[in-house]
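Each remark here refers to the structure printed beneath this line.
The values are calculated or read from the model by the stated rules, or taken from the named source; none is laboratory data. Keep in mind that this is a model prediction, so the values were computed, not measured. For neighbour counting, all protein chains shown are included, and Cβ atoms are generated from backbone atoms with ideal geometry for every residue, glycine included.
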Amino acid sequence: MRIGIVTDSCCDLPRSYLDEHGIVILPITIQDAEGQTFIDNRDTAATLKFYRERLEAGNSGYESSPYSVDEIRKLFLDKLVVEFDYVFCLTVMSSRSKIHENATQAALGILNSYKPIREQAAVTGPFSLRVFDSNNLFTGQGLVVGEVARLAAAGTSTLEIIRQIERLQKTTQAFLIPENLGQLRTQARRKGDKSVGLMSYMMGSALDIKPVIRGFQGNTEPVARIRGFETGVQKLFDLAVSHIESGLDAPIVTVSYGGDPARVSALPGFGRLQKTAQQQGVTVLVSEMSLTAGVNIGTGGVSVAFASPREATLD
C-alpha cells in the first residue's frame, strides 16, 4: 500500500525531512498591510529571505489564509488519488485555523469522486483518506507528522499509525518563547487577543521577561514568564531532556527557530539535548520556524516539542 502524508505549512519540519518522506504541503498565503502576498510552502531559502527582508526590517501587520476547500479537493483529485492508496492529512490545531475544517469538507468530495480518476490512470484498488487535527501547532504539529512519516517508512499498518496519532493528539506538547515582544503584541492586538497587553509588554520589555506559550491538546496558552531569552531557551531544552530521560511516546523531538536554524546549535542547552537524545535513540529535527509562527511572534523565537505520557511543567 502506498501511504501518503499531507500537512500544511504551519508544520515545523526540515525541508530535507519533508522531501525524504514525500510529505505534501498545503501552502498558506501570508499578506502584509500593503497587500503584498507570500506563498508559504516550506521553501527554506524563500522563508529565510522573508525573515531577513521583512520581519527583521520591522514590517508588521500580517494576515494568513489557508488553502480553500476547492484547492484541497483539486490537489487530491489532480494528483494524490493516483499517487497514493491511503493518505493521512494532518493539520494545525483546528482552534487556530480553518485548515482542518476545509480539509474535512474537501475529503467528502474527494472520496465521492476518485474512482473514475483512478480507473482512467489504470490504478486498481480503493483510495482512502483520513483527516486528523494534530491538536497542536508548529513544532508540535511537526512532531506528529514526523512520527507518522517514520512509521509509514517502517511499514507500520495504517491501523497502528491511527492509534499512534490518537495517542500523540493527547500527549504532544509544544513550547514557544519569543525573543522580542513587539511583533507578538502587534499581531495579538490585531486579532483582539489581549493576552499581551500594553502594560505587560512594557514591563516585559523593560525587565527582559519572556512569556512561554504552550500548545497542548488543542489549546494554546502562556504557561510561564522567564527573565532572559537564553535562560528561557535553556529551560525549554532542559525540560525536553528530562522527558527524554523518563520516556517519550515518540522517538522524536522537534525544534524550530525564527530565522536561520543553523543558529540553534549555539543556543544554551542544545548540545546537552542532542547528546541525551542520541544516547536514548531519539531523533532531534531542527528547522526554520514556519512563517505563520514568524509573523505572529517575530524573529529569533524558539520552539521545542516532544510527546510525553506526563504533562510537562516549567518551574
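Structure summary
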{"item": "Tally, over the stretch 213-239, of residues that are under 27 Å from Asp133 (Cα atoms) and not in a loop (DSSP other than H, G, I, E, B)", "result": "13"}
{"item": "Residues within the stretch 240-287 that are closer than 15 Å to Thr171 by Cα, part of a helix (DSSP H, G or I) and touching a Leu at 6+ places or on another chain (Cβ under 7 Å), tallied", "result": "1"}
{"item": "Scope the stretch 1-20; condition surrounded by 17 or more Cβ atoms within 10 Å (Cβ to Cβ) and of a type in the set (S, T, N, Q); matching residues", "result": "Thr7, Ser9"}
{"item": "Residues located in the stretch 229-259, provided they are in contact with an Asp or Glu (Cβ under 7 Å, 6 or more places away or on another chain) and either surrounded by fewer than 19 Cβ atoms within 10 Å (Cβ to Cβ) or closer than 28 Å to Ala152 by Cβ (or both)", "result": "Ala250, Ile252, Thr254, Ser256, Tyr257"}
{"item": "Out of Ile162, Ile177, sole residue that is more than 17 Å from Gln217 (Cβ to Cβ) and crowded, with 22+ Cβ neighbours inside 10 Å", "result": "Ile177"}
{"item": "Those residues of the stretch 2-17 which are of a type in the set (A, V, I, L, M, F, W, C) and either part of a strand (DSSP E or B) or touching a Cys at 6+ places or on another chain (Cβ under 8 Å) (or both), in sequence order", "result": "Ile3, Ile5, Val6"}
{"item": "Verdict on Leu151 being free of Cβ contacts under 8 Å to residues at least 40 places away in the same chain, in a helix (DSSP H, G or I) and within 23 Å of Pro14 (Cβ to Cβ)", "result": "yes"}
{"item": "Neighbours by Cβ (under 6 Å, 6+ apart or cross-chain): first from the stretch 226-247, of a type outside the set (Val, Ile, Thr); second crowded, with 20+ Cβ neighbours inside 10 Å and in a helix (DSSP H, G or I)", "result": "Phe237/Phe270; Phe237/Leu273; Ala240/Leu273"}
{"item": "Subset of the stretch 274-299 (residues that are aliphatic (A, V, I, L, M) and either within 20 Å of the chain's Cα centre (by Cα) or in the same structural domain as Val145 (by TED's automatic domain parsing) (or both))", "result": "Val282, Val284, Leu285, Val286, Met289, Leu291, Ala293, Val295, Ile297"}
{"item": "Ile23 assigned by TED's automatic domain parsing to the domain that holds Ala149, in contact with a strand residue (DSSP E or B) (Cβ under 7 Å, 6 or more places away or on another chain) and crowded, with 17+ Cβ neighbours inside 10 Å", "result": "yes"}
{"item": "Residue within the stretch 35-54 that is in a loop (DSSP other than H, G, I, E, B), exposed (fewer than 14 other Cβ atoms within 10 Å of the Cβ), at pLDDT below 90 and assigned by TED's automatic domain parsing to the domain that holds Asn112 present", "result": "yes"}
{"item": "So Gly258, is it touching a Gly at 6+ places or on another chain (Cβ under 8 Å) and closer than 30 Å to Ala46 by Cβ", "result": "yes"}
